[in-house]
Amino acid sequence: MHLLIQIAVALCVGTFYYLIAMAMTVYDGILSLIGQPIMGGLVSLVAILLLLLVGLPLRLVAPVHRWWRQRWWLPLVLGAVGFAMMWASWLPEFRRQIYDPDLRTMADTFHPVLAIGGWLLTLFAVLHFYPPWFPPTDRSLPVSSQNSRASVSNTETTP
């Protein structure tokens, strides 16, 4: 259940950031209003699937999972750094000039490494954020408490 919530929130955040970036750089009429949200959702979904693979050790390796959950503030820091990277990508010092063939002129655009890197870092942080109030999964419990839970359940079922 946690994973579905994390994916849904990451999809919303990724699409929202994508739409802001597109609104600042591209608009070509009604097709942009229809096509960009769809493309934003698709691109965000592909990124989320890749970031799930990258973050798989955070979910499947018990000691890494416990370490990550104990430092619940770390995704907040990573998300803030990702947002700062995206913000910095639009600063005049980092903007890039590209040629727009439709307008036959030079246009400003985001710094690609800062913008895409910040977007991916923010998505990773949102996707792998475990708030402290989320109930822990079995693999986030210490090994000793897992053993004690198993022994308690065994003693309760025997007459």
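Here each label is just a point 7 Å from Cα along the line to Cβ, and for residue 62 and residue 25 those points are 4.5 nm apart.
Once the C-beta distance of residue 133 and residue 33 is scaled by a Förster radius of 30 Å, the resulting FRET efficiency is 0.20 to the nearest 0.05.
Coordinate-derived values only; no laboratory data. Only a predicted model underlies this, so the values are computations on that prediction, with no experimental measurement involved. Don't worry about glycine lacking a Cβ; one is built from the backbone with ideal geometry, like all the others, and counts go over all protein chains shown.
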